[in-house]
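Here it is, the structure in full.
Values in this text are rule-based calculations from the coordinates and carry no lab data. Just so we're clear, the structure is a prediction, and the values are computed from it rather than from any experiment. Please note: Cβ atoms are built from the backbone with ideal geometry, for glycine as well, and neighbour counts cover all protein chains shown.
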Amino acid sequence: MDHSIIIEKGIFIFIIFAITMVMAMYSTLAERKVAAWLQDRIGPNRAGAGGILQPLADGLKLFSKEEFLPDTPNKFLFVVGPAISMSVALMTSAVIPWGDKLHLFGKDIILQATDIDVSILYVFGVLSVGVYGIMIGGWASNNKFSLMSAMRAASQMISYEVAMGLALIALLMMSGTLSLREISLQQHGMHWNVFYQPVGFIIFLICSFAETNRTPFDLAECEAELIGGYHTEYSSMRMGFYLFAEYASMFISSTIIAVLYFGGYNYPGMAWAIENWGVNPANVLGIVVLFIKICFFIFFYMWVRWTIPRFRYDQLMRLGWKMLIPLAIANIIVTGIVILWADGKF
Amino acid sequence: MSIQAMSLSGRKKEVSNKKMTFVESLYLWTILKGMMITISHLFTRKVTIKYPEEVRERSVVYRGQHSLKRDEQGRENCTACGLCALSCPAEAITMTAAERLPSEKHLYREEKYAKVYEINMLRCIFCGLCEEACPKDAVYLTESKVLVPSMYDREDFIFGKDKLVMPLTQAMKNAQLNNAN
Ligand code: SF4
Ligand code: SF4
């Protein structure tokens with residue numbers, strides 16, 4: 001292995017890291033803007049032109065706050081909690097195919113930090129570690145409200161992971177591979193998975209809302225019963241990490257939805273573009289298209305948040321276990337039958 | 001008509017506890033309908049008033065910062081009778097009276113005048129009772145159209161005559177307007 005690949009990947013990882021951070025930062029602004037617009041208001045518009053510097057102002061404010069440590073026997077865990085949440089939110093971006101490839105410096109650069117064969121398993125593995133960030137934070141806070149909120153978040157995430165995984169199995173039965181790059185390539189043209197797996201997509205979408213703790217499943221945070229939820233005891237940048245991780249994971253889950261179901265970087269007429277404009281412009285356009293899709297899903301998250309009220313906890317569990325899981329299993333069976341039928345096995 | 005069926009607003013809706021079907025209990029259709037409503041609000045006109053740059057239109061009887069009036073000749077109306085201070089429910093007004101000297105006849109309308117007249121704007125509740133109590137038409141909140149600004153020190157909120165008495169130029173302008181009518 002030569003050194004150039006290390007440099008290449010290093011630069012690439014750095015860029016992805018920066019993009020994730022910027023996207024998460026500006027999601028916080030976008031959230032407030034979208035909330036305001038949907039409520040016929042204007043939203044933050046004082047920091048910079050149209051409020052464009054608001055995230056920086058927020059960050060500065062969080063940094064300048066007192067770093068409060070509650071009287072807890074688990075000081076180490078208390079510090080580790082937000083760090084886990086944050087690293088987990090950032091780690092998943094490693095296997096996302098951001099584009100097909102670029103032809104630079106006389107060689108093909110694949111626009112993916114690493115193309116492991118089991119990228120989907122990796123994503124889900126890492127995402128389920130995210131529960132620990134919340135659980136550890138809530139546990140180490142030495143506060144019963146934090147603990148209860150962490151329990152809620154954890155049980156919710158674990159229950160919805162089941163339905164999410166089942167929805168995904170139907171997709172994997174069709175694609176026959178676990179590599180996100182392969183799945184992206186298979187959706188070339190307009191063969192987006194959402195057209196073949198509409199039910200699976202809806203289940204996956206609902207579960208993504210639960211996984212990212214967003215409305216209508218944002219039960220972990222609840223002023224009336226649980227104060228701020230699992231981050232009640234956190235202040236300053238540790239709290240900032242939790243909030244930031246929430247937005248980063250929203251970005252990542254939008255990306256995963258776009259890659260799995262909405263064709264990733266593929267857009268109609270891509271083959272034509274590659275032929276007529278060359279590889280690089282066509283693929284750069286592909287990256288832009290992917291980001292447009294991601295932004296749409298981030299907007300979608302916010303749109304839903306400011307439309308519907310949250311579920312009650314028992315409703316949440318009923319929806320997860322009694323509706324989504326049977327639906328996902330039925331989806332698997334139907335998909336299996338259709339695949340066999342298409343192969344002429346009947 | 002039975003009392004259960006009566007409705008003043010005409011918008012009364014019977015609550016139904018019927019069991020939801022499987023499709024209904026997935027909530028998807030209703031959520032979609034709700035989202036169509038919210039997205040339409042994305043494009044409606046915004047109601048925000050950007051305060052320091054834009055000021056909301058005020059009622060004609062809006063009670064702002066007090067102003068101590070002068071008459072047509074520019075003399076102060078107040079005679080330091082103390083009725084305003086007496087009527088004030090918040091005890092915001094204090095004053096010190098003084099006797100007018102012959103040489104000050106052009107400054108004060110009455111023989112007795114307020115040498116010091118102070119209103120504590122932090123105590124004041126802008127009820128306007130002082131305006132109603134004044135027998136000399138000297139103190140007004142409804143005509144000033146000025147808001148008490150925010151400041152950092154408590155002391156700054158005690159407004160003396162320098163801030164309360166209406167400017168001489170304005171008194172002259174009012175007199176001219178009155179003559180013209
Ligand atoms: S407006 Fe009311 S509270 Fe204020 S000074 Fe006059 S009487 Fe007192
Ligand atoms: S403002 Fe009016 S009520 Fe108050 S002391 Fe002067 S004359 Fe009397």
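Neighbouring Cβ atoms within 10 Å as the yardstick, rank A:Leu285, A:Leu180 fewest first.
By the 10 Å Cβ count, ascending, the order reads A:Leu285, A:Leu180.
If I stretch the segment between A:Ile15 and A:Phe195 completely, what's the gain in nm (0.36 nm per residue apart, minus their alpha carbon distance), one decimal?
61.6 nm
Any chance you could give the angle, 0 to 90 degrees and rounded to 10, that helix A:54-63 forms with the longest Cα principal axis of chain A?
50 degrees
A follow-up question, please. What is the spin-label model distance, in nm, from B:Met6 to B:Glu99 if the labels are put 7 Å beyond Cα along the C-beta direction?
Modelled inter-label distance: 7.1 nm.
Right, next: Once you average over the residues of B:34-42, how many Cβ atoms of partner chains fall within 10 Å of each Cβ? Numbers along the way, then the final one.
Working: counts 4, 7, 1, 2, 10, 4, 1, 7, 6.
Taking the mean over all residues of the peptide, I get 5.
Further, regarding this structure: Return the long-range amide H neighbours of A:Gly264 (sequence gap of 5 or more, or a different chain), with a cut-off of under 5 Å between placed amide H atoms.
Amide H neighbours of A:Gly264: A:Val259.
What does the charge add up to near B:Ile49, with Lys and Arg as +1, Asp and Glu as -1, over the other residues with Cβ less than 15 Å from its Cβ?
Surrounding charge for B:Ile49 is +3.
I've got another one for you. Rounded, prolate or oblate for the stretch B:114-181? Axes are the square roots of the Cα gyration tensor eigenvalues, ordered a ≥ b ≥ c, and the cut-off for rounded is a/c under 1.5.
It is prolate, given that a/c is not under 1.5 and a/b is the larger ratio.
Picking from A:Ser141, A:Ile116, A:Ile332, whose Cα lies most toward the positive end of the charge dipole for the protein assembly as shown (charges on Cβ: Lys, Arg +1; Asp, Glu -1)?
The Cα lying farthest towards the positive end belongs to A:Ile332.
Taking amide H positions as placed 1.01 Å from N in the peptide plane, with prolines and chain starts having none, which residues 5 or more places from A:Lys101, or on another chain, fall under 5 Å of its amide H?
Long-range HN contacts for A:Lys101: A:Leu111.
Here's a follow-up. Okay, which of the stretch A:154-175 sit inside 12 Å, backbone N to the point 7 Å along the Cα-Cβ direction of A:Ala342?
From the stretch A:154-175, the list is A:171-175.
So if I place +1 on the C-beta of Lys and Arg and -1 on the C-beta of Asp and Glu, and nothing else carries charge, what would the dipole magnitude of chain A be about its Cα centre? I want it in debye, nearest 20.
With Lys and Arg at +1 and Asp and Glu at -1, about 560 debye.
On average, how many beta carbons from a partner chain sit within 10 Å of the beta carbon of a residue in B:53-59?
On the way: counts 0, 0, 0, 0, 0, 0, 0.
If you average over the peptide's residues, the count of other-chain Cβ atoms is 0.
Once the stretch B:1-153 is represented by equal point scatterers at the alpha-carbon sites, with solvent omitted, what log10 I(q)/I(0) does the Debye formula produce at q = 0.10, 0.12, 0.15, 0.17 Å⁻¹?
Rounded to two decimals, the profile gives -0.63, -0.72, -0.91, -1.06.
Now for a separate question. So, in nm, how far is label B:Arg123 from label B:Met20 when the simple model puts each one 7 Å beyond its Cα toward the Cβ?
Placing both labels 7 Å beyond Cα along the Cβ direction yields 5.9 nm.
Multiplying the sequence separation of A:Ala271 and A:His103 by 0.36 nm and subtracting their Cα-Cα distance, what value in nm do you get?
That works out to 58.9 nm of additional length.
Here's another thing I want to ask about it. Could you give me the radius of gyration and the Dmax of the protein assembly as shown, taking only the C-alpha atoms into account and expressing both in angstrom?
Considering the protein assembly as shown through its Cα atoms, Rg and Dmax are 33.6, 120 Å.
Moving on to the next point. In the stretch A:56-164, what GluC sites (Glu not before Pro) fall in a loop by DSSP, with at most 13 other Cβ atoms inside 10 Å?
Passing both the DSSP loop test and the Cβ count: A:Glu66, A:Glu67.
Scan around B:Lys112 for amide H atoms under 5 Å from its own, H built in the peptide plane at 1.01 Å from N, and keep only partners 5 or more places away or cross-chain.
B:Arg100
If one computes the Cα centroid of the stretch A:273-335 and of the stretch A:109-130, what distance in Å separates the two points?
Taking the Cα centre of the stretch A:109-130 as reference, the centre of the stretch A:273-335 is 18 Å away.
Out of the DSSP beta bridges found with both residues in the protein assembly as shown, what percent are antiparallel (nearest 5)?
90 percent
To continue, here is another question. Under the rule a/c < 1.5 gives rounded, and otherwise a/b versus b/c splits prolate from oblate, where does the stretch B:66-180 land using the Cα gyration tensor? List each step's numbers first, then the result.
Working: a/c = 1.69, a/b = 1.35, b/c = 1.26.
Prolate.
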